Amino acid sequence: MINKNFAIQLYSVRFEIERMGFPAALQRLGGVGYSGVEFAGYGGLGAVEMRFLLQKTGLKPVGAHIGLDRLEEAFDEETAYHKTLGTAYLIVPSAPFGGPEEVRQTAARLAALAPRVKDAGFAFAFHNHGVEFERDGGQYRLEDMMELAPEVDVQLDLYWASRMGCDCAAFIEKHAPRVTSLHVKQMDAAGGCVDLGDGTLDFRKLIATGLQNGVKTFIHEQEEFSGDPFEGLANGFGHIMSL
């Protein structure tokens with residue numbers, strides 16, 4: 001369905017990276033068939049070393065999760081690292097969203113960063129968890145932020161949004177083209193995070209909706225595994241490719 005343009009968020013294998021190191025973990029992921037990676041840390045590797053590792057494993061640097069504080073405080077360092085890699089976009093993975101005032105403050109910080117990130121040559125977006133889909137009025141807090149920071153796009157985490165009761169297909173349609181990437185993460189009936197083929201979310205519909213509304217980047221993320229993580233990821237990859 002997505003022409004094998006399906007990346008992996010490296011947070012999914014954070015423990016395996018700690019145990020076996022970045023090179024061995026990326027080699028395993030390249031063998032699964034992923035087209036690229038989304039970073040959540042660099043394992044102590046410098047940019048040139050990381051670039052050679054990605055070339056060796058055949059994985060493209062599609063994006064990176066960088067904390068809001070880190071991006072503000074080390075902007076030049078982070079952007080230089082990803083210019084060396086050729087990364088496409090930078091994502092803030094979480095920020096304070098505890099109520100109207102925090103939403104306003106976070107939106108202001110994101111809005112201030114957006115032109116700097118884009119001037120540096122990257123796309124820029126914010127990644128949701130659950131709190132962003134609470135409401136202080138008639139719409140989601142995430143939508144409040146989107147109004148206050150119109151240059152900031154959204155990476156929609158399908159698991160967290162769905163767990164909060166959001167109709168993700170409708171959200172994608174409503175906010176196209178601001179929803180620029182999707183975290184493809186599965187949920188079971190109890191709200192747990194499971195292998196992509198084992199839960200309740202209809203990825204055929206959600207991915208099709210994304211493609212129809214301009215989403216070009218799809219990233220597999222999984223926070224929990226019942227067995228070997230690499231086997232779980234490979235099974236999930238195969239499930240998506242079979243749709």
ask   = For the chain, list the DSSP H helices whose alpha carbon atoms reach 24 Å or more along the long axis and whose average Kyte-Doolittle value is -1.0 or above?
value = 100-119
ask   = Under unit Cβ charges (Lys, Arg +1; Asp, Glu -1), what dipole magnitude, rounded to 20 debye, does the chain have relative to its Cα centre?
value = 840
request  = Give the residue from ILE240, HIS65, PRO115 lying farthest towards the positive end of the charge dipole for the stretch 6-242; charges sit on Cβ (+1 for Lys and Arg, -1 for Asp and Glu) and the dipole is referred to the Cα centre.
outcome  = ILE240
key: Mean residue ellipticity (222 nm) of the chain, computed from DSSP H runs ≥ 4 via -39,500 (n - 2.57), nearest 500   = -13500 deg cm²/dmol
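For the stretch 124-243, compute Rg over Rh where Rg is the Cα radius of gyration and Rh is the Kirkwood radius from the inverse mean 1/r over Cα pairs.
Computed over Cα atoms, the ratio is 0.97.
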request  = Select from LEU90, MET50, MET146 the residue farthest towards the positive end of the dipole of the stretch 6-242; place +1 on Cβ of Lys and Arg, -1 on Cβ of Asp and Glu, and compute about the Cα centre.
outcome  = MET50
key: Sorted by Cβ neighbour density within 10 Å, fewest at the top, the residues VAL184, VAL152, VAL92   = VAL152, VAL92, VAL184
Over the chain, relative contact order from alpha-carbon pairs under 8 Å, at least 6 apart, % = 19
note = Note: the stretch 1-114, point scatterers on Cα, Debye, no solvent; log10 I/I(0) at q = 0.16, 0.23 Å⁻¹ equals -0.78, -1.27
key: Selected from ALA108, ALA74, ALA176 as most flexible by GNM, with the chain as the system and alpha-carbon contacts under 10 Å   = ALA74
inquiry  = Need one number: the % of Cα-Cα pairs in the stretch 191-230 sitting beyond the 10 Å mark.
reply    = 75
task = Using only Cα atoms, locate the centre of the stretch 35-66 and the centre of the stretch 75-149, then give the distance between them in Å, rounded to an integer.
result = 21
task = Take the stretch 6-242, drop everything but the C-alpha atoms, weight them equally and run the Debye formula without solvent; then report log10 I(q)/I(0) at 0.07, 0.09, 0.12 Å⁻¹ to two decimals.
result = -0.21, -0.36, -0.65
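Bear in mind these aren't lab numbers, they're just calculated from the coordinates by the rules spelled out. As the structure is a prediction and not an experimental result, all values here were calculated from the model. Methodologically, a virtual Cβ is constructed for each residue, glycine included, from the backbone with ideal geometry; neighbour enumeration extends over all protein chains shown.
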